[in-house]
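Structure first, then comments.
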């Protein structure tokens, strides 16, 4: 059977897996599936990779239901479950412990704070579920564009130079966040989803993606049009930091002076 992964995509996934030691024999891997295209492709990829890798690992998918029904999972969660049918991996749905109030989300303050609060609460539920199930890896569907966008978000809004990384060890090494799609662009994941016939489940976010991340994404799209190859070089730059050429004050004062 021919692999749905192109040789180039397969190579870069393998590079990311190897460079950051993402998977090992005997791992217990929890994959977070929001219902978006990226996380659905990731769940498929981890199931596919297990079938051809020289290692074996336990794999389970988890969906946090942001709109549960009074008597069980909501319509969106059931659609996610339907999308994952046939992958041959255990799947759990748990109701969100915190859900945004639509009125608060529509306010100016809500627009600034709600994404952070929502992500923080969902992340805590993922951590708690992973700990309870003794999972040592938590797989997330972030890709190269997400990593670059986070870098610019932190520069523009947080005033620091940082981003999400392909692997991050937490809780004294008992849990590692892994991002196997870290070397792929959004377009490549969309193309793979089309090949596999994977359809995303529409988000139930009350902001409808009217967020700072979307603003940064649109600005970067303009930059990529103006400067061919900028995306690839920005990503490479994140691993080629010249610390000696960053602002490092020798006095006891705080941050650089703002003008």
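Coordinate-derived values only; no laboratory data. Since we're looking at a predicted model, the values are computed, not measured. Here the Cβ positions follow ideal geometry from the backbone for every residue, glycine too, while neighbour counts run over all protein chains shown.
The table for this structure:
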{"quantity": "Cβ-based exposure ranking for 3, 39, in which fewest neighbours within 10 Å come first", "calculated": "3, 39"}
{"quantity": "Residue of 24, 230, 61 that the Gaussian network model of the chain assigns the largest fluctuation, springs spanning Cα pairs under 10 Å", "calculated": "230"}
{"quantity": "For the chain, built as a Gaussian network whose Cα springs stay under 10 Å, the top-fluctuating residue of 225, 67, 249", "calculated": "249"}
{"quantity": "Least to most buried among 48, 135, 116 (fewest other Cβ within 10 Å first)", "calculated": "116, 48, 135"}
{"quantity": "Share antiparallel - DSSP beta bridges, segment 7-238, percent rounded to 5", "calculated": "25"}
{"quantity": "Correct option for semi-axes √(5λ) of the Cα gyration tensor in Å [calculated from the coordinates] among [x] 36, 19, 16; [y] 27, 23, 17; [z] 30, 25, 19", "calculated": "[z]"}
{"quantity": "Residue with peak Gaussian network fluctuation, the chain [Cα springs, cutoff 10 Å], from 93, 13, 55", "calculated": "55"}
{"quantity": "C-alpha center-to-center spacing [segment 109-181, segment 209-248] in angstrom", "calculated": "19"}
{"quantity": "Gain upon complete extension [residue 211, residue 245; 0.36 nm per residue less C-alpha separation]", "calculated": "9.0 nm"}
{"quantity": "Residues 142, 243, 18 arranged by fewest to most Cβ contacts within 10 Å", "calculated": "243, 18, 142"}
